[in-house]
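Participant: Pasting in a structure now, in structure tokens, and then I'll have a few things to ask.
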């Protein structure tokens, strides 16, 4: 019998629903009971498996190596026109580990090596190869250059950097600083570029000269050992290196993909950067855990995405941020939604305004929207395709799995508000507040590499009782009366205008419904003579679209309350994004309403019911603090 049947039977027994009258009452009182019990059973199985892994000291690497031993000829990685079996990847993992230790015998467990590589097979076996010797892999965003790149390297405190030959220029730019820091340079050469020489002080990694034979991994103390550093996205500040213990890849693989039904028969299309947690801890780790096949794209391409899905015969893919919007913006084709095999998706950031259109046009079912953070201690996943939700927080979840609190917060400080008893103030269901996740042995928060205050700043104490501790997600969330959880906005992205808190997500959603607008990045800017921040939206239009500013004004008036309506617009040819497809805001906030040549700036003109190009008279009034917005 199927596993789903078994789960249903267990659920029925747990609920006592075998008696018809009780069954009817339960279904009436708890219409989502079976959904909740199904999730509860899977979560319990997840915790039991993780406990077994801890006792047995089994990591993702160990599970991968077992797959390689049992089915060495099963495809592990598909990349462009290349194909690598589990046995071949295992051989390169062993070669990488041998080369690293042979090149620097002083390296020991707990030392750090930075990894600066594009998506491809090499980043997978390099990550696993470093784990083999107990070395921490610090995964570096390959889009960074100059001081931003140097910041992440310094924060990692590495002994060496492994970099691809396509990053020679980026390394040369900071080479003097790296030399002062005594950081070694190891270059993986692109065989397709003959005669390419490494920079001075760099050594070419020639792993092909090493033996691929299996050898035992370095001894470990358990899943709590640090395996990697993964940097936060840096949407509103400098990225921080989150500590990733070995439990994280296991948890990412098991928690999410026992819900998606991932198996060895699946082909997992990975268009996201593997240096980040989304791809590394879910897509890559999930594939390795379940023995599935990874189909890796060097980078996301909206125009080639569906062709890749068909060519690789993918059955699942992961999305993030604005990817789904970019895919919808592509011209419609006759074969939209036509695939060799049924296709499902998992990810976060699918906006409510395009959810149904994306699902229907591209024939994706189901879609598993989730919520989680790189450094976070728990997560949610939408298992029943409830529109816009990231999952459920039912009484069963709260009583048996994790304690989540939505609390009132101080807008100015971003800190939770306190009652007379010194505890956080809970808010009623259906209201938006700051989400806190209780820190427990099962739901641990490890923090960041660096000064201890970085980690302590994310911990809130005395939330419900004196002495408790919670992880501060920094996210504004809502749990509705039906127990569905919704992501509303990043606390750092909200702003205050006319005494009201403005959700950038709400405004972005409203603007996204206007036909000409492809995407809108909303933020608050300072205007002299006004308290709070005025709303501004940087906008990218659909290809060939012409923006009717009067019609947009009417759309904004009918869609948003006065305090949330954007007072300024900046039209851009393309949006500036992080490496994980999230909108960058910091630089745009600094630019404010200045018509500095970066796009075209417009200001609202209520008397004429439109937006108009900002001019000298506007600037004079604004800077003098005499404007009425």
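The values are calculated or read from the model by the stated rules, or taken from the named source; none is laboratory data. Here the structure is a predicted model, which is why all the values come from computation and not from measurement. Glycine also receives a Cβ, built like all others from the backbone with ideal geometry; neighbour counts cover every protein chain displayed.
Participant: Which residue is farthest from the chain's Cα centre (by Cα), if the candidates are limited to the stretch 282-328 and must be within 20 Å of residue 247 (Cβ to Cβ) and crowded, with 24+ Cβ neighbours inside 10 Å?
Facilitator: Among them, the one singled out is 288.
Participant: Restricting attention to the stretch 439-454, which residues are out of contact with any helix residue (DSSP H, G or I) (no Cβ under 8 Å at 6 or more places or on another chain) and under 14 Å from residue 155 (Cα atoms)?
Facilitator: 451, 452, 454
Participant: Does the stretch 359-376 hold any residues that are out of contact with any strand residue (DSSP E or B) (no Cβ under 7 Å at 6 or more places or on another chain) and either surrounded by fewer than 19 Cβ atoms within 10 Å (Cβ to Cβ) or assigned by TED's automatic domain parsing to the domain that holds residue 559 (or both), and which are they?
Facilitator: Answer for the stretch 359-376, where residues must be out of contact with any strand residue (DSSP E or B) (no Cβ under 7 Å at 6 or more places or on another chain) and either surrounded by fewer than 19 Cβ atoms within 10 Å (Cβ to Cβ) or assigned by TED's automatic domain parsing to the domain that holds residue 559 (or both): 360, 361, 363.
Participant: Given the structure, is residue 236 at pLDDT below 95, surrounded by fewer than 19 Cβ atoms within 10 Å (Cβ to Cβ) and more than 23 Å from residue 116 (Cα to Cα)? Talk me through it step by step, then tell me what you get.
Facilitator: Numbers: at pLDDT below 95: yes; surrounded by fewer than 19 Cβ atoms within 10 Å (Cβ to Cβ): yes; more than 23 Å from residue 116 (Cα to Cα): no.
No; evaluated as a whole, the condition is false for this residue.
Participant: Now for a separate question. Looking at (1) within 25 Å of residue 232 (Cα to Cα); (2) in a strand (DSSP E or B), which is the only condition residue 570 fails?
Facilitator: Checking residue 570 against (1) within 25 Å of residue 232 (Cα to Cα); (2) in a strand (DSSP E or B), the one that fails is (1).
Participant: Please find, among 135, 174, the residue that is in the same structural domain as residue 63 (by TED's automatic domain parsing), surrounded by 23 or more Cβ atoms within 10 Å (Cβ to Cβ) and touching a helix residue (DSSP H, G or I) at 6+ places or on another chain (Cβ under 9 Å). Before the answer, list the steps.
Facilitator: Values: 174 fails: surrounded by 23 or more Cβ atoms within 10 Å (Cβ to Cβ).
135 is the lone residue from the list that is in the same structural domain as residue 63 (by TED's automatic domain parsing), surrounded by 23 or more Cβ atoms within 10 Å (Cβ to Cβ) and touching a helix residue (DSSP H, G or I) at 6+ places or on another chain (Cβ under 9 Å).
Participant: Is there a residue in the stretch 297-309 that is out of contact with any strand residue (DSSP E or B) (no Cβ under 7 Å at 6 or more places or on another chain) and under 24 Å from residue 505 (Cα atoms)? Outline the logic, then answer.
Facilitator: Step one: list which residues in the stretch 297-309 are out of contact with any strand residue (DSSP E or B) (no Cβ under 7 Å at 6 or more places or on another chain), which gives 298-307.
After this cut, where a residue has to be under 24 Å from residue 505 (Cα atoms) as well, the list is 300, 302.
Within the stretch 297-309, one or more residues are out of contact with any strand residue (DSSP E or B) (no Cβ under 7 Å at 6 or more places or on another chain) and under 24 Å from residue 505 (Cα atoms).
Participant: May I pose another question? How many residues are in a loop (DSSP other than H, G, I, E, B) and in contact with a helix residue (DSSP H, G or I) (Cβ under 9 Å, 6 or more places away or on another chain) if we restrict to the stretch 456-497? Even if it seems obvious, please write down each step before you answer.
Facilitator: To start, the set of residues in the stretch 456-497 that are in a loop (DSSP other than H, G, I, E, B) comprises 457-458, 462-468, 480-483, 494.
With in contact with a helix residue (DSSP H, G or I) (Cβ under 9 Å, 6 or more places away or on another chain) added as a condition, the list becomes 483, 494.
Qualifying residue count for the region: 2.
Participant: Same structure, new question: Take residues that are farther than 19 Å from residue 449 by Cα and tell me which of the strands (runs of 3 or more DSSP E) falling wholly in the stretch 123-235 contain 2 or more. First the steps, then the outcome.
Facilitator: On the way: elements: 136-139, 160-164, 184-188, 202-204, 226-231.
Correct list: 160-164, 184-188, 202-204.
Participant: Assigned to a helix (DSSP H, G or I) and either touching a helix residue (DSSP H, G or I) at 6+ places or on another chain (Cβ under 8 Å) or farther than 30 Å from residue 140 by Cα (or both) - does that describe any residue in the stretch 607-615? So that I can check it myself, show each step before the final result.
Facilitator: First pass over the stretch 607-615, keeping only residues assigned to a helix (DSSP H, G or I): 607-608.
Then drop every residue that is not either touching a helix residue (DSSP H, G or I) at 6+ places or on another chain (Cβ under 8 Å) or farther than 30 Å from residue 140 by Cα (or both), which leaves 607-608.
Yes, because at least one residue in the stretch 607-615 is assigned to a helix (DSSP H, G or I) and either touching a helix residue (DSSP H, G or I) at 6+ places or on another chain (Cβ under 8 Å) or farther than 30 Å from residue 140 by Cα (or both).
Participant: Can you find a residue that is more than 26 Å from residue 323 (Cα to Cα), surrounded by 15 or more Cβ atoms within 10 Å (Cβ to Cβ), more than 34 Å from the chain's Cα centre (by Cα) and touching a residue at least 12 places away in the same chain (Cβ under 8 Å) anywhere in the stretch 528-547? Before the answer, list the steps.
Facilitator: Going through the stretch 528-547, the residues more than 26 Å from residue 323 (Cα to Cα) turn out to be 528-534.
Among the residues that remain, those that are also surrounded by 15 or more Cβ atoms within 10 Å (Cβ to Cβ) are: 530, 532-534.
Cutting the leftovers down to more than 34 Å from the chain's Cα centre (by Cα) gives us 530.
Checking the rest, the ones that are also touching a residue at least 12 places away in the same chain (Cβ under 8 Å) come to 530.
Looking for residues that are more than 26 Å from residue 323 (Cα to Cα), surrounded by 15 or more Cβ atoms within 10 Å (Cβ to Cβ), more than 34 Å from the chain's Cα centre (by Cα) and touching a residue at least 12 places away in the same chain (Cβ under 8 Å), one finds at least one in the stretch 528-547, hence yes.
Participant: Could you list all residues from the stretch 573-594 that are buried (at least 16 other Cβ atoms within 10 Å of the Cβ) and assigned to a loop (DSSP other than H, G, I, E, B)?
Facilitator: 575, 578, 579, 580, 581, 582, 584, 585, 592, 593 - these are the residues of the stretch 573-594 that are buried (at least 16 other Cβ atoms within 10 Å of the Cβ) and assigned to a loop (DSSP other than H, G, I, E, B).
Participant: Please enumerate the residues belonging to the stretch 263-273 that are touching a helix residue (DSSP H, G or I) at 6+ places or on another chain (Cβ under 7 Å) and either surrounded by fewer than 23 Cβ atoms within 10 Å (Cβ to Cβ) or over 17 Å from residue 80 (Cβ atoms) (or both). It would help to see each step written out before you state the result.
Facilitator: Within the stretch 263-273, the first condition is being touching a helix residue (DSSP H, G or I) at 6+ places or on another chain (Cβ under 7 Å), and the residues that meet it are 263-264, 268-273.
Matches in the stretch 263-273: 263, 264.
Participant: Now for a different question. Looking only at the stretch 559-572, which residues are at pLDDT 95 or above and surrounded by fewer than 20 Cβ atoms within 10 Å (Cβ to Cβ)? Break it down stepwise before answering.
Facilitator: Taking the stretch 559-572 and keeping what is at pLDDT 95 or above, we get 565-572.
571, 572, listed by residue number.
Participant: Go through (1) touching a strand residue (DSSP E or B) at 6+ places or on another chain (Cβ under 9 Å); (2) modelled with pLDDT under 95; (3) more than 21 Å from residue 510 (Cα to Cα) for residue 616 and report which single condition fails.
Facilitator: With (1) touching a strand residue (DSSP E or B) at 6+ places or on another chain (Cβ under 9 Å); (2) modelled with pLDDT under 95; (3) more than 21 Å from residue 510 (Cα to Cα) applied to residue 616, the lone miss is (1).
Participant: Same structure again: Residues that are over 28 Å from residue 319 (Cβ atoms), at pLDDT below 90 and surrounded by fewer than 18 Cβ atoms within 10 Å (Cβ to Cβ): does the stretch 485-496 have at least one?
Facilitator: Start the filter on the stretch 485-496 by keeping residues that are over 28 Å from residue 319 (Cβ atoms), which leaves 496.
Going one step further and asking which of them are at pLDDT below 90, we end up with 496.
Subsequent filtering for residues that are surrounded by fewer than 18 Cβ atoms within 10 Å (Cβ to Cβ) retains 496.
Scanning the stretch 485-496 turns up at least one residue that is over 28 Å from residue 319 (Cβ atoms), at pLDDT below 90 and surrounded by fewer than 18 Cβ atoms within 10 Å (Cβ to Cβ).
Participant: Taking the stretch 412-438 only, how many residues are in contact with a helix residue (DSSP H, G or I) (Cβ under 8 Å, 6 or more places away or on another chain) and either at pLDDT 95 or above or under 18 Å from residue 380 (Cβ atoms) (or both)?
Facilitator: 1
Participant: Looking at (1) surrounded by fewer than 19 Cβ atoms within 10 Å (Cβ to Cβ); (2) over 23 Å from the mean Cα position of the chain (by Cα), can you tell me which one residue 92 breaks?
Facilitator: All conditions are met except number (1).
Participant: Conditions first: (1) touching a helix residue (DSSP H, G or I) at 6+ places or on another chain (Cβ under 6 Å); (2) at pLDDT 90 or above. Residue 500 passes all but one, so which condition is the exception?
Facilitator: (2)
Participant: Working only within the stretch 528-555, note down all residues that are in a loop (DSSP other than H, G, I, E, B) and over 20 Å from residue 513 (Cα atoms).
Facilitator: From the stretch 528-555, those in a loop (DSSP other than H, G, I, E, B) are 528-533, 542-548; that's our starting set.
Within the stretch 528-555, 528, 529, 530, 531, 532, 533 qualify.
Participant: Look at the stretch 515-527 and say how many of its residues are buried (at least 20 other Cβ atoms within 10 Å of the Cβ) and either in a loop (DSSP other than H, G, I, E, B) or not assigned by TED's automatic domain parsing to the domain that holds residue 566 (or both).
Facilitator: 1
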